[in-house]
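Scroll down for the structure; my scribbles are underneath it.
Just so it is clear, none of the values below were taken in a lab; they were calculated from the coordinates. The model shown is predicted, which means the values in this text are computed figures rather than measured ones. Note: ideal-geometry Cβ built from the backbone for every residue, glycine included; neighbour counts use all protein chains shown.
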Amino acid sequence: MFESLRAVPADPILNLSVLYRQDTNPNKVDLGVGVYKDETGHTAIMEAVARAEERLLAEEDTKAYVGMAGSKRFCELLAQVTLGADHAVLADQRIAVAQTPGGSGALRVLGEFINVASPNATVWLGNPTWANHHAVMQSAGFTVKEYPYYNRGTRAVDFDAMLNALQNQTQAGDVVLLHGCCHNPSGADLSLDQWQAITDLVLAKGLIPYVDIAYQGLGEGMDEDAAGLRLMANAVPEMVIASSCSKNFGLYRERTGTAMIIAANAQQASLAQGQMNSVIRANYSMPPSHGALVVETILADPKLKQMWRDELKTMRKRIKDLRSQLVDAIKAEGVTQDFSFIERQKGMFSFLGVSAEQVDTLVNEHSVYLVGSSRINLAGLNQRNIAYVAKSIAAVL
């Protein structure tokens, strides 16, 4: 059996970490893997998380199973964080929620759920999108097609092309995956007016919106970053949402996420909950509990919640400042090419807009590690390396 196996290509993003660790250049910079790093280059444990873990260590009295959908209180709190505590969907009980192993787990669970409800469905992904979206959707059983999203000439959302493709190429029942905020990999987000236009199109064509909101709170704020998603959820009869606590709580290795299904009414939501639980049972049976208990502890305690929000605000401000500083540092190197788009984008990512050959030169000759598409993680910058990165970029232009 196993003699038929073939080698699988290394993940292009995760493999950067391997190459980075092997590099002996003292000036090396990792702008590849999408984790938040502080000024020292460390992905530290948030203070609110550490306090919650101390409490759990003292008070948790069981390691019994948590059930297929995980902690009910965690699910309630995450639905409120994502949709807003007073959203009509919650009041009308039109929502089914499950705790999942990270945002990726949520994406897969929701994908399989949709495939049960609508076998052989087509899912539309933006070009570009997070690279793993393709693998997750295909392995969930979808036919995957693409719509244009980012214009590499204008360095902004190519909204006319996006709207035209979704208007003319999709069929009723097709699934459209959208980034809730802080688009990965481009950093270019939809405006509220554009969210409204997509919502109108979804309603007119009978499409199913599938929103991945992995970076809520790292753009403009927890509520601001979810404004488009909430607008859409207020208007459409059906919708699915995958959220992650990896970034905004720094719980990367704890694999903490949430799958949400909005249905037309409470009865359908109850049926959806049962079906989603069945999908979970056949996959991993039930989720790990620690990360969700940490988040639940923070969100249920006003002091810890405020501490967390303050820490998240500091992270968000630092990313914004790094965007401006990189633009200024590139200008200071005498570069006339306009990089101001980096300041207009949101979240941790941007495309530099350089060629694959220039990316290779940055990696191989300057030890500045970034993805082949020229996507960089702004949170990998700090005051010790930002001038070196700017000088390296100037050298390849």
Karplus (6.51, -1.76, 1.60) ³J(HN,Hα), θ = phi - 60°, over the stretch 16-25, in Hz, Gly and Pro reported as x
4, 5, 5, 5, 4, 5, 7, 6, 9, 5
Which whole-Hz couplings ³J(HN,Hα) result when phi for each residue of the stretch 34-39 is put into the Karplus expression 6.51 cos²θ - 1.76 cosθ + 1.60, θ = phi - 60°, listed in order with x for Gly and Pro?
x, 10, 6, 10, 7, 4
Determine one quarter of the surface area of the Cα convex hull of the stretch 65-300, which equals its mean projected area, and express it in nm² to one decimal.
11.5 nm²
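Listed highest first by mean packing, meaning other Cβ atoms within 10 Å per residue, what order do 93-100, 327-334 come in? All intermediate terms of the calculation are to be shown ahead of the outcome.
Numbers: 93-100: 25.1, 327-334: 15.8.
Averaged packing, sorted descending, gives the order 93-100, 327-334.
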Value of relative contact order over the stretch 65-300, rounded to a whole percent, pairs C-alpha under 8 Å and six or more apart
31 percent
Write out the chymotrypsin sites (Phe, Trp or Tyr not before Pro) in the stretch 32-86 meeting two conditions: DSSP loop, and at most 16 other Cβ atoms within 10 Å of their Cβ.
Tyr65
Between Thr43 and residues 5 or more places away or on another chain, the pairs with built amide H atoms under 5 Å apart involve Asp38
What are the ³J(HN,Hα) couplings of the stretch 324-331, residue after residue, when phi is run through the Karplus curve with 6.51, -1.76, 1.60 and θ = phi - 60°? Round to Hz, x for glycine and proline.
5, 5, 5, 4, 5, 5, 5, 4
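Within the stretch 112-176, list the trypsin sites (Lys or Arg not before Pro) lying in a DSSP loop whose Cβ has at most 15 other Cβ atoms in a 10 Å radius.
Qualifying residues, ordered by number: Arg152.
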Only Lys, Arg, Asp and Glu count, each charged at its Cβ (+1, +1, -1, -1), so figure out the dipole size of the chain about its Cα centre, rounded to 20 debye.
260 debye
Just to be sure I understand: of the beta bridges DSSP finds with both ends in the chain, what percent are antiparallel, rounded to 5?
45 percent
Which of rounded, prolate, oblate describes the stretch 122-192, given a ≥ b ≥ c as roots of the alpha-carbon gyration tensor eigenvalues and a/c under 1.5 marking rounded, otherwise prolate only if a/b is larger than b/c?
oblate
Relative contact order as a percentage, the chain, C-alpha pairs under 8 Å and 6+ apart, gives 26 percent
Counting only residues 5 or more apart in sequence or on a different chain, those whose built amide H sits under 5 Å from that of Tyr150 are Asn127, Asp158
From DSSP H assignment alone, runs of 4+ in the chain each adding -39500 (n - 2.57), the sum over residues rounded to the nearest 500 puts [θ] at 222 nm at -14500 deg cm²/dmol
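Highest mean first, how do 235-242, 344-351 rank when packing is the count of other Cβ atoms within 10 Å averaged over residues?
Working: 235-242: 20.9, 344-351: 23.9.
Output ranking for 235-242, 344-351: 344-351, 235-242.
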Calculate the length of the line joining the C-alpha centroid of the stretch 163-242 to that of the stretch 1-53, in whole Å.
29 Å
